[in-house]
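Below you'll find the structure, written out as structure tokens, and then a few comments.
The values are calculated or read from the model by the stated rules, or taken from the named source; none is laboratory data. Being a predicted model, the structure only gives us computed values, none of them experimental. Reconstructed Cβ throughout: ideal geometry from the backbone, glycine too, with neighbour counts over all protein chains shown. SASA here: full protein model, heavy atoms, side chains in, ligands and nucleic acids out. Shrake-Rupley method; radii C 1.70, N 1.55, O 1.52, S 1.80 Å.
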Amino acid sequence: MKGKTSAAGGSGPVHVLLVEDDLNLGEVLRDLLEIKGYRVVLARDGESGLTAFLKGAFDLCLIDVMLPKMDGFALARAVRKADREVPLIFLTAKSLKEDKVEGFNSGGDDYVTKPFHTEELILRIEAVLRRTRGRGGGGEAEAALSIGAFRFDPGARTLELGGDKKSLTQKEADLLLLFARHMNEVLERDTAMRAIWGAEGYFISRSMDVYISKLRKLLAGDPGVEIRNVHGRGFKLVVR
């Protein structure tokens, strides 16, 4: 991969190339990402996006599919020729299965369908960065945090209580981190599914229930920590 301290060395802000031809949406997303600590270059069409990518050094690309001059899939393939590792997330109003397949075949790591909640996009970015770089958002490594008596290390995917350290799967760690960021708040079921699984649906919902059952067992060692069902909405990680 092209050398850049934040991607290779784990320090400094994450640099994002945002390619979006919708003027308002592009500016809103740029401002949102900069508030979250990212450095953003905004391009308005596929050709200028490719030019910016080849001139710069980026840790992540957010690419709209329906772009003038060069569509998002073609841009992604061109980016992949220059850099096989940089994460790519497609932003699109197209939700057909065939389009998603083409997106992943073009080298995409994730596919976010418009309209989307900005919180969902941030969570998806962070999840992709963790998978591909072992990093979290805003350019900083995810720090270990406390959940009641537990010490949770998202980067190492470990949960420790009184010297007893348990290893988590990637999805268990991602889901627990999402709960920890919403500690003592309601986490909407749909938000969690989109953030961790990238989609919604009956079978994904059942899969999430299985992972929540696993987390409940892992957290059972501290009676002051509990994942509660919130009827009709989702779940709440309660820490007393």
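Before moving on, here are some points about what is shown:
- All conditions in (1) free of Cβ contacts under 8 Å to residues at least 40 places away in the same chain; (2) out of contact with any Ser or Thr (no Cβ under 6 Å at 6 or more places or on another chain) hold for LYS165, with the sole exception of (2).
- Residue in the stretch 163-177 that is open to solvent by less than 50 Å² (accessible area, probe 1.4 Å) and among the hydroxyl-bearing types (Ser, Thr, Tyr) present: no
- ARG189 vs. criteria open to solvent by 30 Å² or more (accessible area, probe 1.4 Å) and in contact with a helix residue (DSSP H, G or I) (Cβ under 8 Å, 6 or more places away or on another chain): yes
One line per residue, one yes/no per condition, for (1) open to solvent by less than 40 Å² (accessible area, probe 1.4 Å); (2) modelled with pLDDT of 85 or more; (3) touching a His at 6+ places or on another chain (Cβ under 8 Å):
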{"residue": "VAL79", "(1), (2), (3)": "yes, yes, no"}
{"residue": "VAL86", "(1), (2), (3)": "yes, yes, no"}
{"residue": "PHE90", "(1), (2), (3)": "yes, yes, no"}
{"residue": "LYS94", "(1), (2), (3)": "no, no, no"}
{"residue": "PHE104", "(1), (2), (3)": "no, no, no"}
{"residue": "PHE116", "(1), (2), (3)": "yes, no, no"}
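- If the condition is being polar (S, T, N, Q) and either open to solvent by less than 40 Å² (accessible area, probe 1.4 Å) or under 16 Å from the mean Cα position of the chain (by Cα) (or both), then the stretch 17-68 contributes no residue at all.
- The residues of the stretch 197-240 that are outside any helix (DSSP H, G or I), without any contact (Cβ under 8 Å) to a residue 40 or more places away in the chain and hydrophobic (A, V, I, L, M, F, W, C), listed by number, are TRP197, ALA199, ALA220.
- Pairs, first outside any helix (DSSP H, G or I) in the stretch 172-196, second of a type in the set (Gly, Ala, Ser), C-beta under 7 Å, six or more apart: VAL186/GLY234; LEU187/GLY234; GLU188/GLY234
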